[in-house]
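For reference, the structure discussed in these notes is given below.
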Number of protein chains: 2
Amino acid sequence: MKTYFECIPCFIRQGLDAAKLITDDEKIQEEILRKTLTLASKMDLKQSPPEIGQKIHRIIRQVAKNDDPYLEIKQKYNSLALKMYPQLKQKIENSDNPLETAVRLAIAGNIIDYGVNSSVGKIKVKDTIDKSLTAPLDKKDLEQFKNSISSAEHILYLGDNAGEIVFDKLLLEQLPLEKITFVVKGSPTINDATMQDAATTGLTEIVEVIDNGSDAPGTILNDCSENFQQKFEKADLIIAKGQGNYETLSDVDKEIFFILKVKCPVIARHLNCEVGSSILKRKKLELVGK
Amino acid sequence: MKTYFECIPCFIRQGLDAAKLITDDEKIQEEILRKTLTLASKMDLKQSPPEIGQKIHRIIRQVAKNDDPYLEIKQKYNSLALKMYPQLKQKIENSDNPLETAVRLAIAGNIIDYGVNSSVGKIKVKDTIDKSLTAPLDKKDLEQFKNSISSAEHILYLGDNAGEIVFDKLLLEQLPLEKITFVVKGSPTINDATMQDAATTGLTEIVEVIDNGSDAPGTILNDCSENFQQKFEKADLIIAKGQGNYETLSDVDKEIFFILKVKCPVIARHLNCEVGSSILKRKKLELVGK
C-alpha cells in the first residue's frame, strides 16, 4: 500500500506524540518535530506508511539518544495482558467456538498500538475486548481461515505489538503449533514486540519464535533478514497482525490472513469499512504471471 | 500567543485540507503539502499561529495560482447567513436580553471557520446556534462588555469570517454604531471576510468598515496598514472575533473583548476551557510600564 496524503499530518502528529511520550525536554521534542517535518517534505509517497514510519522512529531514537524509548510501555502492556490472560483463556475454553473467540481476542489485542494511538490504557483495552467479542466478523473468511490452517504446512504468524502478543498467544494455543513460526521485529520500533517480549510473555515456550531482522513497524520484505525471507518464501500461509503488516503486505502475492483492528480512516477506506472495525481478511495467492 | 508544538500537525492537516478543497489536481495538492512541510520545518515558533497560517495560505494561493480560493465558500456562507438573518433578528428582538442573545449568536457564527474545519455545513451552523443560545457564558464579562461599550468612544470591531459577519451584523445592531468601526482583512486569506463580503452582507450600509491591509488570518499589528494601526491606537475598546484574533492579540495591552467559539485543544487549554466552549472574555488594559 502506498502512502496517502492523509497519512502525512498523522505522521507529524505521531512524531510529536512519540517525542512527548519519551522526553520532557522541549528542545529534543522540537528537534524531533523539525526533523520529522523535513523528512516528510522530501519523502517518496510510493513507499508504504511503515517505510516512512521506520525512518521517523529512527530519527526519534537517534535524537532522543534512546535505543528503545517504548521499553517501559512494552513492559507495562505485557504485564497487563499477562494479568488478563487466565480470564481470557477461560473465556475461550467456555466458548461455543473457541477458535472464533480467540480470533476476536487477537483482534482486540491489536488496540495496543502506540503508532496510531499515543496512549491506550487498561480501560480502553477492556472496552475493546468487550466490543470485539460481538463485533461483526466475516464468517466466510473465518471458515476459510480454519481450512487454510488445516491444509497449510508452514505457517508464519507475523506479530505486531508488545502486550498484543499475549492475545496472539491465546490464538496460537488454538492452532497447530508445530506448523507455526511466530515472528517478532529484529530491533525496537515504536511498541512493536521483539524477542524480549516473546520471552517475557512465554511465547517462546510454546512456539518457534524468530525475529525478522528489521526495525520497520510492519514487514518490508527486502528490509528483513535472509533467514526471515527464506521462511516467508517457504511458508504456504501467512497470518499478519495489525495495520503495519497490512500496509506492507497487502500487495504481496501470497496466501495471507490479515487480522487487525482498523484504527485510521485511510486503512478503513482501503478495506472499505469503518474505523474501529474488526478485520479477519483473506488475501488469496493469485499466482499472477507464475 | 506563541505557536505550540501541537499546532504543527494541525497546520499540515489544514494545508492538506485546503489543497483538497480548492483543487482535484493531485500534483498541486502534493506540491502544497511538501511546501507546507518545508515551511513548518523551519518556522519560528515564537510567532503566533496566524503568522504561520498567513505564510501557508500564501503558498497555497501561489501554488494553486488562485488569489481567492475560498471565494465560492465565502459567497455560500454569506448567502446562507443572510437567509437566516430575519429569523435570527426576530429571535434577538423577542428575547429578554437582546444584547446577550446577539452576543451568543455572534459566537455561534464563529463556527464558520475554514481554518480549523475543512467543512462546516448548514446543519452544523444551525446546531451551533441552538447550543450557543443556552451555553454557559461569563455573566460578569457580559455586564462589563455592556459597561465598556457604554463608556468607550472609539470601538474597533475586528471581524473574522465571511458568513460569520452576518452574525456580527446582528450584534452590531445592538450596539452604538456611531462609535464603531468594523474591520475586515486587506486581502483574501482562508474564508476570512474582506470588504467584498462586508458589502455583500450590507454591513457597509450600517457601520463604517475599513480593511486592515493584511492577509493574515488574525490581526498581526505590524503587518497591518498605517491607517488601521492608527485606528487601533486611538480605539479605547476592541471587540475581537475568532481564534485568529485571540491568538494574535491575547498579549497586546489593550481593552479587548474576545468573542469566539473554541475550536481546538490548544486554545481551550490557553483559555482554560473545553473545546466547543462559547467565549466572551475581557482582556483589561493593564498599562504596565506606562
For B:ASP96, state whether it is outside the structural domain of B:GLY159 (by TED's automatic domain parsing), open to solvent by 20 Å² or more (accessible area, probe 1.4 Å), of a type in the set (D, E, K, R) and not in a helix (DSSP H, G or I). no
Among the residues of the stretch A:11-22, count how many are touching a Pro at 6+ places or on another chain (Cβ under 8 Å) and either more than 14 Å from A:ILE59 (Cβ to Cβ) or more than 8 Å from chain B (Cβ to nearest Cβ) (or both). 5
When residues of the stretch A:167-205 are limited to those that are of a type in the set (A, V, I, L, M, F, W, C) and in contact with a Lys or Arg (Cβ under 7 Å, 6 or more places away or on another chain), the one surrounded by the most Cβ atoms within 10 Å (Cβ to Cβ): A:ALA193
Within the stretch B:13-32, of all residues that are buried (at least 24 other Cβ atoms within 10 Å of the Cβ) and without any contact (Cβ under 8 Å) to a residue 60 or more places away in the chain, the one nearest to the chain's Cα centre (by Cα) is B:GLY15
Which is buried (at least 20 other Cβ atoms within 10 Å of the Cβ), assigned by TED's automatic domain parsing to the domain that holds B:PHE145 and aromatic (Phe, Trp, Tyr), of B:TYR77, B:TYR85? B:TYR77
Which of the residues that make up the stretch B:179-224 are of a type in the set (S, T, N, Q) and farther than 19 Å from B:HIS154 by Cα? B:SER187, B:THR189, B:ASN191, B:THR194, B:GLN196, B:THR200, B:THR201, B:SER214, B:ASN222
Search the stretch B:37-51 for residues being at pLDDT 95 or above and facing chain A (nearest Cβ under 8 Å), and hand back the single one that is most open to solvent (accessible area, probe 1.4 Å). B:LYS42
Sole exception among (1) free of Cβ contacts under 8 Å to residues at least 60 places away in the same chain; (2) under 18 Å from the mean Cα position of the chain (by Cα) for B:ASP113, by number: (1)
Selection count, the stretch B:99-132, where residues are part of a helix (DSSP H, G or I) and under 20 Å from B:ARG282 (Cα atoms): 12
Confirm whether A:THR248 is under 15 Å from A:ASP160 (Cβ atoms), touching a Gly at 6+ places or on another chain (Cβ under 9 Å), of a type outside the set (Asp, Glu) and assigned to a loop (DSSP other than H, G, I, E, B). no
Just wondering, is there one or more residues in the stretch B:245-252 that are on the phi > 0 side of the Ramachandran plot, outside the structural domain of B:LEU45 (by TED's automatic domain parsing) and either surrounded by 19 or more Cβ atoms within 10 Å (Cβ to Cβ) or touching a residue at least 24 places away in the same chain (Cβ under 8 Å) (or both)? no
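The values are calculated or read from the model by the stated rules, or taken from the named source; none is laboratory data. These numbers were taken from a predicted model, which means no experiment stands behind them. So basically every Cβ, Gly included, is an ideal-geometry build from the backbone, and we count neighbours across all protein chains shown. Protein only, heavy atoms only, side chains kept; ligands, DNA and RNA dropped before computing areas. Shrake-Rupley method; radii C 1.70, N 1.55, O 1.52, S 1.80 Å.
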